[in-house]
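Before any comments, here is the structure.
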2 protein chains.
Amino acid sequence: MNRLPTYRRALENLLASGRAVVSSHELAAEVEVTPSQLRKDLSCFGTFGTAGVGYDVRDLVSRLDEILGICKKRPVLLVGVGNLGLALLNRRPIQRSGFEIVAACDTSPSKVGRVIAGVRCYSLEETPAVLAAIKISIAMLAVPPDTAQETADFLVKNGIRALVNFSPLRLRVDKGVLLEQVDFGYTLQKVAYYLDAMEEQQ
Amino acid sequence: MNRLPTYRRALENLLASGRAVVSSHELAAEVEVTPSQLRKDLSCFGTFGTAGVGYDVRDLVSRLDEILGICKKRPVLLVGVGNLGLALLNRRPIQRSGFEIVAACDTSPSKVGRVIAGVRCYSLEETPAVLAAIKISIAMLAVPPDTAQETADFLVKNGIRALVNFSPLRLRVDKGVLLEQVDFGYTLQKVAYYLDAMEEQQ
DNA sequence: TCATGTGAAGCACTTCACAGCA
DNA sequence: TGCTGTGAAGTGCTTCACATGA
C-alpha cells in the first residue's frame, strides 16, 4: 500500500505525456519495482488490467484515487505560516496529489487576517470555528518544536483526525488520531549512511 | 537501519532532558517499536549496552553517529533558494542531525551573491568551483520540476554523489549516485488512506 | 535479580512460474 | 502470442525465549 502513491504519480506523468495504456513491465520500470510486485500490489484491491494488453492509464489513476480516498480533493489545514508553511502553500504537487490547503492559521499578528497564496490565515482562536464550518480532518503542522505538542492537542480537541508533523519532536496523540512524521534529518542520515556503505564497497 | 535515525533523535531528546542511562524498553516505547526489535537492530552493528543496566545515552548517540557517518558535520549543498530552499536554510533540525548547508545556488539574479541565513548563494556557473574547493557529496534539490533533471545531471557531472530531491518528478541518475525522494503528496495520500480505513472499522 | 545479546520460531513480504483470458 | 492475476516457493524481517553477564 505504501507504493500506491508512487504508482499514481508515475501514471500521472504518463498521462501528461499522452500515454493511454501501459503494461506492468513499463510501469514497474518507471517506479523501480518488479512487474510481479506491481501486479500483486494491485491485486490486493481488485482487478484493473486486461490480459494481453495492460492497464488503461486514465482508468487506473481514478481507481487508485478511489482506493486512496482522494476522488474529491480533500481539504487540509495548514498550521504555521513560517518559511516551511509558505513553501507548502506554494507547492502545486500537494494539489496534484488530491489535496487542497483551504485555510491556514498562525499566531503572528503579521500573518493573521492576510490572504497568502489564495489562502486566508486565521488566528488560533478563530480556528475552531473554521474547522466547524468546513469539515477538515487533516492538518499539516509547520510550527516550532516548542509549541508543536500543545498545538497538536488543541487541533485534536477541535476535530482534527490526522496530523502531518514537520517538527523534529515526536508528538503524543491518543490512538484514533493519525500521526505522520516528516523529518528531513532522517532522510539526510539515511543518505549519509548509504553513501559511506557504497564507498566502502569500492 | 531505517530506524537508526529515529533512535538517535529519541536519544538526543533524552539527553536534553538530562537522562544518562536508558533501557531498551524505555527507548523502544519512545519510538514505538518492540524492545526486541531495538536490541536486534543495534546488535547488527555491535554491542552497546551493559546487561542489567541498559544503554549509556551519550555513548549510544556517538556510536550511532559513527555508524551513520556523521561524527563530523557533513557539508551539504542547497540547490534552489525559493520558498522551500529558504525553509531548509532556516531549519535547525538539519544541523542537529549532523549536517550543515555550507553553500547554496540559484539561477535568480536576485539571490546570487547574497548571503541568506549565513549561507552564500552562488550562480550555477560558480557552483563547480565551489564543489571543487569544498568537498561536498550531498545536494538537496529544491528547484522547479521542469529544471530538476538537468540540474541533477549538472551536479552529478561536478562531483555530487547523493541527491535529495523535493520535486515530484522521479529523476534518472546512473547507479553509483544515490537518490532519495521526498514527496509531501505521498505522505498526505498515505494519511488519507489510513484515515478512511480507520473510519470504516468503526 | 535485571536487562542485554542472540539463536530459533513465526510471520510477512517478494519473487517465481504458470493458468487463463484477450 | 502477450500480458494479467494468483497460488506456491523463497526470502527477509520481527518476535519469542533464554543463555549470559553485570
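Since every read-out is calculated from the coordinates, none of them should be taken as a lab result. Note that the coordinates shown come from a computational prediction; the quantities given were computed from them, not determined experimentally. Glycine gets a Cβ as well: all are built from the backbone with ideal geometry, and neighbour counts include every protein chain shown.
What the table shows:
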| item | result |
| --- | --- |
| Likely footprinting exposure, A:T151, A:T50, fewest C-beta neighbours within 10 Å first | A:T50, A:T151 |
| Bins of 10 Å from zero: percent of alpha-carbon pairs in the stretch B:108-180 | 19, 50, 29, 2 |
| Entries in A:K190/B:K73; B:K72/B:K135; A:K111/B:K190; A:K135/A:K157; B:K73/B:K157; A:K40/B:K175 that, when Cα-Cα distance is taken, lie over 20 Å | A:K111/B:K190; B:K73/B:K157; A:K40/B:K175 |
| Fraction in percent of alpha-carbon pairs per bin - 10 Å, the stretch B:48-90 | 23, 27, 25, 16, 8, 1 |
| Sequence of A:E180, A:E125 once ranked by neighbouring C-beta atoms within 10 Å, starting from the fewest | A:E125, A:E180 |
| Ellipticity estimate at 222 nm from DSSP helix runs (n ≥ 4, -39,500 (n - 2.57)) divided over the protein assembly as shown, nearest 500 | -13500 deg cm²/dmol |
| Two-site FRET efficiency, A:C71 against A:R19, from Cβ-Cβ distance with R₀ of 22 Å, rounded to 0.05 | 0.50 |
| Residue exposure sequence - A:S123, B:S17, A:S62 - by fewest surrounding Cβ within 10 Å | B:S17, A:S62, A:S123 |
| The protein assembly as shown: equivalent-ellipsoid semi-axes (sqrt of 5 x gyration tensor eigenvalues, Cα, Å) | 31, 28, 26 |
| Percentage relative contact order, chain A, counting C-alpha pairs under 8 Å, at least six apart | 13 |
| Label-point separation, B:K135 to A:R114 (7 Å along Cα→Cβ), nm | 4.4 |
| Dmax and Rg, reported as Rg then Dmax, of the stretch B:4-67 (C-alpha, Å) | 10.4, 28 |
| DSSP-defined antiparallel bridges as percent of all bridges, chain A, nearest 5 | 20 |
| Convex hull per residue volume in Å³, alpha carbons only, for the stretch A:25-104 | 117 |
| P(r), alpha carbons of chain A - 10 Å bins starting at zero, rounded % | 8, 28, 27, 24, 12, 2, 0 |
| Gap separating the Cα centres of the stretch A:11-75 and the stretch B:89-128, nearest whole Å | 38 |
| Degrees between helix A:4-16 axis and first principal axis of chain A (Cα, 0 to 90, nearest 10) | 70 |
